[in-house]
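See below for the structure under consideration.
All of the numbers you see were taken from the coordinates with simple rules; none came from a lab. Computed from a prediction, not measured in an experiment: that's the story for all the values here. Positions of Cβ are generated from backbone atoms using ideal geometry, with glycine treated the same way; all protein chains shown enter the neighbour counts.
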Amino acid sequence: MAPGGIVAFTDWLRVGEMDGAYLENVLAAMVSPDLATLPGYTTMLERHGFSILCQEDISAAFIDQYSTIYARLEKLEGEISEAFSPKVYGIILGKNDSIHRAFSDGKMGGGRIIAELNAHDGMS
């Protein structure tokens with residue numbers, strides 16, 4: 001990335017404390033080794049020569065969006081069960097239930113980050 005280059009992204013974030021089993025269920029559902037935090041992203045970007053231009057918690061939008069997705073999934077029970085099997089639908093619903101619960105419980109949310117690579121830290 002050239003000096004002055006901009007990186008911008010949104011991501012699911014850990015915004016509340018999760019105990020061991022709760023966190024394990026969420027990570028397993030996401031098929032992820034960890035769940036980032038907004039301060040964690042800031043630290044990582046700054047360590048790699050970026051200046052943070054914007055960082056904001058946009059958890060409300062993520063929670064609303066995932067609630068909509070989850071409601072749609074519940075309405076698709078018959079279609080998914082018929083096309084694949086009730087067992088497959090149960091697995092899909094269970095994984096999504098763990099994620100939906102984390103959003104609903106205020107333990108998971110979302111963030112938006114925009115950062116600029118500092119001129120003296122350009123990478124090839």
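Key figures
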quantity: Any pair with Cβ under 6 angstrom, 6 or more apart, that starts in region 31-57 at a residue that is farther than 14 Å from THR10 by Cα and ends at one that is of a type outside the set (Asp, Glu) and part of a loop (DSSP other than H, G, I, E, B); calculated: GLY49/ASN118; SER51/ASN118
quantity: Candidate set from region 5-20 (those that are touching a residue at least 60 places away in the same chain (Cβ under 8 Å) and surrounded by fewer than 11 Cβ atoms within 10 Å (Cβ to Cβ)); member that is farthest from ALA119 (Cα to Cα); calculated: GLU17
quantity: Out of LEU45, LEU27, LEU23, sole residue that is within 30 Å of ASN118 (Cα to Cα), within 19 Å of the chain's Cα centre (by Cα) and either among the β-branched types (Val, Ile, Thr) or surrounded by 15 or more Cβ atoms within 10 Å (Cβ to Cβ) (or both); calculated: LEU45
quantity: Any hit, region 2-19, residues being out of contact with any helix residue (DSSP H, G or I) (no Cβ under 6 Å at 6 or more places or on another chain) and in a helix (DSSP H, G or I); calculated: no
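Listed here are the residues, each with its yes/no results for (1) hydrophobic (A, V, I, L, M, F, W, C); (2) surrounded by 13 or more Cβ atoms within 10 Å (Cβ to Cβ); (3) within 16 Å of the chain's Cα centre (by Cα).
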site: PRO3; (1), (2), (3): no, yes, no
site: PRO39; (1), (2), (3): no, no, yes
site: GLU56; (1), (2), (3): no, no, yes
site: ILE63; (1), (2), (3): yes, yes, yes
site: VAL88; (1), (2), (3): yes, no, no
site: LEU93; (1), (2), (3): yes, yes, no
